[in-house]
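The values are calculated or read from the model by the stated rules, or taken from the named source; none is laboratory data. As the structure is a prediction and not an experimental result, all values here were calculated from the model. Ideal geometry is used to build each Cβ from the backbone, glycine not excepted, and the neighbour counts take in all protein chains shown. Calculation scope for accessible area: heavy atoms of the full protein, side chains included, ligands and nucleic acids excluded. Shrake-Rupley method; radii C 1.70, N 1.55, O 1.52, S 1.80 Å.
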Amino acid sequence: MDGKQLVIGVIVLAGVAFGAGSSLAAGQHAQPVTPAAQPGPAQPGTEQPAAEPVGVQLDQPFTLRAGQAAALDDKDVVVRFTELVDDSRCRPGMQCIWAGEAVVAVSIAEPGRGERTTAELHTGQGGSSRTEFAARRIELVAVNQAGDEATFRISKA
């Protein structure tokens, strides 16, 4: 056995060893993430008003379901949890090498000025858990295990 074959053998064995803790090897298949429903064109006479954003206070954590929005009580800022973009977090009962992370998409608006932006916020080390807009810092605090609810906090930037 030459050095190249030895290296390939070690890599294959490492892959099998690491794969033994994966959800697929344990017979648990990843659950598909269903994005929030996107509004389509309304039929005449069937328009439904958008749900009003929930009121939230500065520096207080608040939880939104996918598609839901929150309006800051002291400033014209609205944050909407658009969707779960990615979720590589270790599932309960699994033993993982890396904890993984959840990534959520948010849209942030200052309706009175007509300003808006979007951002992706991360729970892990793969990216930032916060963004700034309209002199406010929007921070992702946590994402529930199902990925359909996220907790945020808004503070002064």
Which one of these does G100 not meet: (1) part of a loop (DSSP other than H, G, I, E, B); (2) open to solvent by 30 Å² or more (accessible area, probe 1.4 Å)? (2)
Give the number of residues within the stretch 143-157 that are open to solvent by less than 30 Å² (accessible area, probe 1.4 Å) and out of contact with any Phe, Trp or Tyr (no Cβ under 9 Å at 6 or more places or on another chain). 3
Is it the case that T118 is farther than 18 Å from K156 by Cα, in contact with a Pro (Cβ under 9 Å, 6 or more places away or on another chain), β-branched (V, I, T) and not in a loop (DSSP other than H, G, I, E, B)? no
Condition first: at pLDDT 95 or above and either out of contact with any Phe, Trp or Tyr (no Cβ under 9 Å at 6 or more places or on another chain) or more than 12 Å from E110 (Cα to Cα) (or both). Now tell me which residues in the stretch 71-86 satisfy that. A71, V78, R80, F81, T82, E83, L84, V85, D86
Flagged in the stretch 60-93 as open to solvent by 40 Å² or more (accessible area, probe 1.4 Å), over 14 Å from G147 (Cα atoms) and not in a strand (DSSP E or B), in numbering order, are Q60, P61, D73, D74, K75, D76, G93
Per the filter on the stretch 103-115, residues open to solvent by 80 Å² or more (accessible area, probe 1.4 Å) and without any contact (Cβ under 8 Å) to a residue 24 or more places away in the chain are E115
With T151, T123, T118 as the choices, which residue is under 19 Å from L58 (Cβ atoms) and touching a residue at least 12 places away in the same chain (Cβ under 8 Å)? T151
Which members of the stretch 121-142 meet the condition of being open to solvent by 20 Å² or more (accessible area, probe 1.4 Å) and not in a loop (DSSP other than H, G, I, E, B)? H122, R130, T131, E132, F133, R136, R137, E139, V141, A142
